[in-house]
Amino acid sequence: MTDLLLLPGDGIGPEVTAQVRRVAERLTPVLKIEERLFGGASYDADGSPLTDETLAAAKAAKAVLMGAVGGPKWAGVARDKRPEAGLLRLRAEMEVFANLRPALCFGPLAEASSLKREFVEGLDIMFVRELTGGVYFGQPRFIEALPEGGKRAVDTQVYTTAEIERVSRVAFELARKRRNKVHSAEKSNVMESGLLWREVVTDLHKREYADVELEHILADNAAMQLVKNPKQFDVIVTDNLFGDILSDEAAQLTGSLGMLPSAALGVAGKPGLYEPIHGSAPDIAGQGLANPLAAILSFEMALRWSLGRATEADRLFAAVDKALSAGARTRDLGGDLSTVQMGDAVLAAL
Ligand code: IPM
Ligand code: MG
């Protein structure tokens, strides 16, 4: 059985996942690793961003780690064959509805943030982004031509009680093991789905998690509070689209988008999907400039959440911290290490 399926994908994906492989081979040589094409690379080779074989391999593995997908090369491809469509299908088919996105500021990187040190030093926020519903998947969605000229585009934001409840449960459970506080972000002032979101979270909290501190916050205010006073947050649970946006914002607080990992989890016992939250960065792809730490830390999350190897996860986390303390910096962090050299630095610290 495959322990870890690597899906390098596009752009900087292959470069950063190559460093994951080096780390895994050193830290956990017993893991059986398999690798497959995904996204645009899979489309180019097989005409589909996610083939049935790759999907079957993903479901059969213990954990799946993706690099990144997409790029201008596939901008003209039909929507259902785009690299991003492959990723959305993978998330949906794996039923990984809870996307954990930690925004953690490593001490040595407090200077790399665009905010003052006192605002970000020690920052530790956990986003729980709903990942398999909302406007990313809602039907109908289409673009139609209008008889009078011009076009009309429709996306649908849709959530059910069950979808909101299961992701909120993950947030409350995580908060209990952290600083016991959940912010639930939506737009209940303008959206029906926001109203239901608030209602379901409130009910669940009352029924089962009254010991956890809960605060409802409008998503736009959350965006503002994240740069005003980010340390007020512990766990933030939110929908698919707001989670996408707010987690990018929070990532930058911690110094660089190149630092943040994520874990997408579903039903217990099923494989998790691990992804750096950065994209394929076509502007720097193939140049050896990308920061591999988001991918390496995604592997750290896989060790912890899917592979039952918390000790190795702790060692890897400490190694990343040590490499950063020793001054290892890729370009996004203001340094000049290449992708491979950052991999070297983590291996040396290990
Ligand atoms: C992310 C990415 C994806 C998303 C894209 C690549 C489809 O931005 O994981 O945050 O929007 O979910
Ligand atoms: Mg995103």
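The values are calculated or read from the model by the stated rules, or taken from the named source; none is laboratory data. Computed from a prediction, not measured in an experiment: that's the story for all the values here. No Cβ is skipped: glycine too gets one built from the backbone with ideal geometry, and neighbour counts run over all protein chains shown.
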- Task: Could you list, in sequence order, all residues of region 332-350 that are of a type in the set (Gly, Ala, Ser) and free of Cβ contacts under 8 Å to residues at least 40 places away in the same chain?
- Result: Gly335, Ala345, Ala348, Ala349
- Item | Residues within region 243-273 that are under 13 Å from Ala294 (Cα atoms), at pLDDT 95 or above and of a type in the set (Gly, Ala, Ser), tallied | 2
- All-but-one check, Ser193 against (1) within 30 Å of Glu121 (Cβ to Cβ); (2) surrounded by 19 or more Cβ atoms within 10 Å (Cβ to Cβ), failing number (1)
- Which listed residue, of Gln341, Gln252, is within 16 Å of ligand 2 (Cβ to nearest atom) and over 26 Å from Lys73 (Cα atoms): Gln252
- Message: Can you list the helices (runs of 4 or more DSSP H) lying wholly within region 200-314 that have 3 or more residues being within 14 Å of ligand 1 (Cβ to nearest atom) and either over 13 Å from the mean Cα position of the chain (by Cα) or surrounded by 21 or more Cβ atoms within 10 Å (Cβ to Cβ) (or both)?
- Response: 240-253, 293-305
- Item | Tabulated pairs, region 259-279, first under 10 Å from Met301 (Cβ atoms) and among the polar types (S, T, N, Q), second outside any strand (DSSP E or B) and away from ligand 2 (no atom under 12 Å from the Cβ), C-beta under 7 angstrom, 6+ apart or interchain | Ser262/Ser298
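Going by the structure shown, is Glu95 away from ligand 1 (no atom under 14 Å from the Cβ), in contact (Cβ under 8 Å) with a residue 24 or more places away in the chain and on the phi > 0 side of the Ramachandran plot?
In short, yes.
With a cut-off of at least 2 residues that are closer than 28 Å to Val170 by Cα and either of a type outside the set (Val, Ile, Thr) or within 17 Å of the chain's Cα centre (by Cα) (or both), name the helices (runs of 4 or more DSSP H) lying wholly within region 45-151. It would help to see each step written out before you state the result.
Numbers: elements: 52-60, 83-94, 117-120.
Counting at least 2 such residues, we get 52-60, 83-94.
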- Query: Hey, Phe137 hits all of (1) within 14 Å of ligand 1 (Cβ to nearest atom); (2) closer than 23 Å to Trp305 by Cβ; (3) of a type in the set (A, V, I, L, M, F, W, C) but one; which does it fall short on?
  - Reply: (2)
- Note on the structure: When Ala268 is run through (1) in contact with a Gly (Cβ under 6 Å, 6 or more places away or on another chain); (2) hydrophobic (A, V, I, L, M, F, W, C); (3) within 30 Å of Thr160 (Cα to Cα), the failure sits at (1)
- Only listed residue being closer than 15 Å to Ile164 by Cβ, more than 16 Å from ligand 2 (Cβ to nearest atom) and either small (Gly, Ala, Ser) or out of contact with any Leu (no Cβ under 8 Å at 6 or more places or on another chain) (or both), chosen from His216, His205: His216
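Those residues that are in contact with a Lys or Arg (Cβ under 7 Å, 6 or more places away or on another chain) and modelled with pLDDT of 95 or more, I need them from region 274-312; list them, please. If you could, list the steps in order and put the result at the bottom.
Let us first name the residues in region 274-312 that are in contact with a Lys or Arg (Cβ under 7 Å, 6 or more places away or on another chain), namely 277, 289, 303, 306-307, 310.
Correct list: Leu289, Leu303, Ser306, Leu307, Ala310.
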